[in-house]
Amino acid sequence: MKFFYCNLILFCLVLTEISAQKKDKISYKADELKFRRINKEPVRKLINNVIFTQGKTEIKCDSANFYNRKNIIEAFGNIVIINPDSSVIKARKLIYNGESKIAKLRENVIYTKGDEQIKTNNLDYDINEKKGYFFNNGELKDNVNILSSEFGIFYGNNDLSIFYSGVILVGENYTLESDSMTYNTILREATTFGYTEIISEDSTYIESLGGTFRQESNNSNLKSSKIETSNYILEADYINFDEENSFYYAKNNVILNIKESNYFVYGDEGIYDKSKNLTKIFGNSLLKKNIENDTFYLSSDTILAIDDSQDINQLLAYNDVKFYKKDFIGKADSLIFYISDSIIKMFNDPILWNYSNQITSDTISFKLFNNQVEKMNMIRNSFIISEDTLGNFNQIKGRNMEATFSENNFLKNIKVSGNGETIYFGLNEDYKSIIGLNYIICSDLKLNFENNEINNIIFYDNPIAKMIPPHEIKEENLYIKSFEWRESEKPKINDIVFYFRNKIYLRNE
């Protein structure tokens, strides 16, 4: 029984509180008061210095109609609502329901709380929930940004606003446009949903399918994004950029398009360090360029793109570098690609395969223009080996070499500078038998080729030459010192181009 009485008292207290809330009537004062009826409804007309009070909320205006029975206010001119959370709302017209505590404000509406200001012509505001809804365009302004949209909702308790339809955010050094956005005025954090565009002060253009932009830390996360500058386009499933430190991080399906050269670099991850003017792509990294009737591919553990003040001018690939085009295949530990000059330099055990030719040296550089290898330089310990139709190995060795190529990338001539040494096999007209083995030592010499076969040799400075007939050729005559046939190391297309094995997908294909 005691329990029943306690619950009955509690129930009565709740009823009393609800009743008190319902009877939260509006008090008022004004310079002039008139009584009238509108549609048989008693109305109190208040004029000049009108002040309404309900709880801790105060409403000021020039004139008003107060429907006492309905607890409704129609207010006109210089309307000011002062809320208990220190927010202030100004407008020219107002309809306020004292029961629901919903204020419908119209014309030149300005909501202010701290550094935050919202302007619109149409605002519905819930005083209990401290929640506002604007429509037919509105604008939020704080001490950092100006944010506008067609529709919006803001929550005074949470310092959170929601904007949708034609959202535009103008920051200190960029403009952002999106389908919809949430914005925290305390954290200065904007989160967009759907298609998003950003144009920065330095003309950097960003596309995204949504992300988070933190203004206090200048740090942002973007989904399915594209960043475009005057020099390149960077795409990825996820991009984080730190504007304060000018540092970008990209992950998953990363694509770097170097505009002027039309080179594409692909990888699993990437970073862009603006202060150092470099972009780093790693994880299944691949360089690609379409050339006439062919494609040039290059893979390595990591690819660096280095730019100067104007454009990207160097690509560095290192660790397990391999490249492939139909008539030119190579590998090295590291490589530099000078984009403007189309020059490739290979370092640390470089090796090239050109048709039947195997080319090695301490350093190899060549110019690749369109589909043409124009000139190749081999520095120190240069060695060229080619296998003929009978499986014999023609060999050219020297300190340094310079090679030129014909239009179809066949060897045209080779100049050997220092420590020249050659072995080549003479074949009969039907290429079915050996005429003899030619062995030549000469410091400097030049070899001319026809259809990728040695046509003639020009010797300089006292050559030593001998021709060994077939029946006198011995095993020790077949190879120059340091000979090494490395055909088993020759990369195949699917060793280089990972998307042939469905590891990455090239969007531009």
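The values are calculated or read from the model by the stated rules, or taken from the named source; none is laboratory data. In this text, all values refer to a predicted model and were calculated from it rather than measured experimentally. Glycine also receives a Cβ, built like all others from the backbone with ideal geometry; neighbour counts cover every protein chain displayed.
For the range 6-45, enumerate the residues that are modelled with pLDDT under 90, part of a strand (DSSP E or B) and β-branched (V, I, T). Listed by number, the list holds a single entry, I38. Applying the set (1) closer than 24 Å to N219 by Cα; (2) modelled with pLDDT under 90 to I258 leaves exactly one unmet item: (1). Filtering the range 92-138 to residues that are hydrophobic (A, V, I, L, M, F, W, C) and in a strand (DSSP E or B) leaves L94, I95, I102, A103, L105, V109, I110, I118, L123, F134.
Note on the range 350-410: enclosed strands (runs of 3 or more DSSP E) holding 1 or more residues that are out of contact with any strand residue (DSSP E or B) (no Cβ under 7 Å at 6 or more places or on another chain) are 363-369, 372-387. Looking across the range 376-404 at every residue that is of a type in the set (V, I, T) and either in contact with a His (Cβ under 6 Å, 6 or more places away or on another chain) or over 21 Å from E487 (Cα atoms) (or both), the one that is surrounded by the most Cβ atoms within 10 Å (Cβ to Cβ) is identified as I379. Only a single item in (1) on the phi > 0 side of the Ramachandran plot; (2) surrounded by 16 or more Cβ atoms within 10 Å (Cβ to Cβ); (3) more than 14 Å from the chain's Cα centre (by Cα) is not met by S224, and it is number (3).
May I ask you to verify whether N413 is touching an Asp or Glu at 6+ places or on another chain (Cβ under 6 Å), surrounded by fewer than 18 Cβ atoms within 10 Å (Cβ to Cβ) and in a strand (DSSP E or B)? Spell out how you get there, then give the answer.
Values: touching an Asp or Glu at 6+ places or on another chain (Cβ under 6 Å): no; surrounded by fewer than 18 Cβ atoms within 10 Å (Cβ to Cβ): yes; in a strand (DSSP E or B): yes.
Against the criterion (touching an Asp or Glu at 6+ places or on another chain (Cβ under 6 Å), surrounded by fewer than 18 Cβ atoms within 10 Å (Cβ to Cβ) and in a strand (DSSP E or B)), N413 does not qualify.
Taking the range 493-502 as the range and being within 25 Å of Y355 (Cβ to Cβ) and without any contact (Cβ under 8 Å) to a residue 40 or more places away in the chain as the test, the residues that pass are N494, F500.
Quick one: which of G156, G138 is surrounded by 19 or more Cβ atoms within 10 Å (Cβ to Cβ), at pLDDT below 95, over 29 Å from the mean Cα position of the chain (by Cα) and not hydroxyl-bearing (S, T, Y)?
Details: G138 fails: at pLDDT below 95.
Only one candidate passes the filter, namely G156.
S161 meets the conditions (1) under 23 Å from S178 (Cβ atoms); (2) of a type in the set (S, T, Y); (3) outside any strand (DSSP E or B) in every case but one. The failed one is (3). In the range 458-485, the residues that are in contact (Cβ under 8 Å) with a residue 24 or more places away in the chain form Cβ pairs under 9 Å with partners that are part of a loop (DSSP other than H, G, I, E, B), at six or more places apart or across chains, as follows: I464/C442; A465/C442; I468/K474; P470/S433; L478/N392.
Residue pairs whose Cβ atoms lie under 8 Å apart, sitting 6 or more positions apart in sequence or on different chains, and linking a residue in the range 390-410 that is more than 20 Å from L427 (Cα to Cα) and free of Cβ contacts under 8 Å to residues at least 12 places away in the same chain to a partner that is among the charged types (D, E, K, R) and surrounded by 15 or more Cβ atoms within 10 Å (Cβ to Cβ), are S406/K412.
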